[in-house]
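Have a look at the structure below, then the notes.
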């Protein structure tokens with residue numbers, strides 16, 4: 001079975017500093033990986049994905065993520081954090097079933113960017 | 001832009017009532033999903049549907065049923081609401097088209113059962 005781990009419940013970073021939110025995965029076959037962000041009382045918003053190709057993927061709001069096959073990781077990064085980046089971040093992997101696709105989510109990491 | 005809409009943002013129901021939560025997507029997506037989100041438990045899949053009239057149980061289907069009569073609409077039904085079903089409910093849809101696999105989420109329905 002596929003699984004996703006986000007080892008940190010909470011990440012605190014000062015505004016202007018680089019941020020990293022960690023994600024590791026376990027899949028059979030090639031991984032399709034995703035990052036989503038959730039602001040308070042809202043649904044999840046898609047940030048970026050890795051399907052194939054370059055290991056460094058760029059997404060919305062200046063975020064990027066690095067796919068590392070040997071370490072089975074897909075960490076989310078941003079060079080300079082903003083207070084408005086404070087939110088809940090979810091990593092997910094697409095799982096192929098007999099009926100199509102499903103998604104397995106990590107538990108989420110709460111990012112707090114301090115002014 | 002893909003739009004996923006949910007019928008209510010906030011809902012208050014009494015124990016034992018039958019509750020309908022509706023979700024509509026406008027991008028002709030094949031797949032639709034219902035999740036519940038609770039603090040400390042992340043997103044838990046209730047049911048998903050990969051085609052009209054087709055459904056699959058997720059991780060926590062007990063106490064819920066679903067209906068997908070049209071491709072764009074996926075309904076979640078609580079047959080007899082209970083207080084432990086108080087939660088945030090999120091609907092999502094996704095495509096099977098190559099490289100376009102990401103899910104799109106609705107704004108959520110916060111359901112309180114009293």
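The values are calculated or read from the model by the stated rules, or taken from the named source; none is laboratory data. Predicted model, so just to flag it, every value in this text is computed and none were measured. Because the Cβ atoms are built from the backbone with ideal geometry, glycine has one as well, and the counts that use them run over all protein chains shown.
Could you say whether any residue in segment A:15-27 is without any contact (Cβ under 8 Å) to a residue 40 or more places away in the chain and over 12 Å from the mean Cα position of the chain (by Cα)? No: zero hits. All conditions in (1) more than 12 Å from chain B (Cβ to nearest Cβ); (2) within 22 Å of residue B:99 (Cα to Cα) hold for residue A:44, with the sole exception of (1). Residues in segment B:21-47 that are closer than 21 Å to residue A:9 by Cβ, more than 9 Å from chain A (Cβ to nearest Cβ) and surrounded by fewer than 14 Cβ atoms within 10 Å (Cβ to Cβ): B:38, B:39. Within segment B:12-43, how many residues turn out to be in a strand (DSSP E or B) and under 24 Å from residue B:70 (Cα atoms)? Number satisfying all stated conditions: 13.
Looking only at residues of segment B:70-103 that are facing another protein chain (nearest Cβ under 7 Å) and not in a loop (DSSP other than H, G, I, E, B), we find that the one that is surrounded by the fewest Cβ atoms within 10 Å (Cβ to Cβ) is B:90.
The set of residues in segment B:53-69 being out of contact with any strand residue (DSSP E or B) (no Cβ under 7 Å at 6 or more places or on another chain) and assigned to a loop (DSSP other than H, G, I, E, B) consists of B:62 alone.
Restricting segment A:47-59 to residues that are within 14 Å of another protein chain (Cβ to nearest Cβ) and not in a loop (DSSP other than H, G, I, E, B) leaves a set whose member that is farthest from residue A:70 (Cα to Cα) is A:47. With (1) away from chain B (no Cβ under 11 Å); (2) over 12 Å from the mean Cα position of the chain (by Cα); (3) part of a strand (DSSP E or B); (4) free of Cβ contacts under 8 Å to residues at least 24 places away in the same chain as the list, and residue A:66 as the residue in question, which single condition is left unmet? Here residue A:66 clears every test but (2). Restricting attention to segment A:10-46, the residues that are part of a loop (DSSP other than H, G, I, E, B) and modelled with pLDDT of 95 or more total 6.
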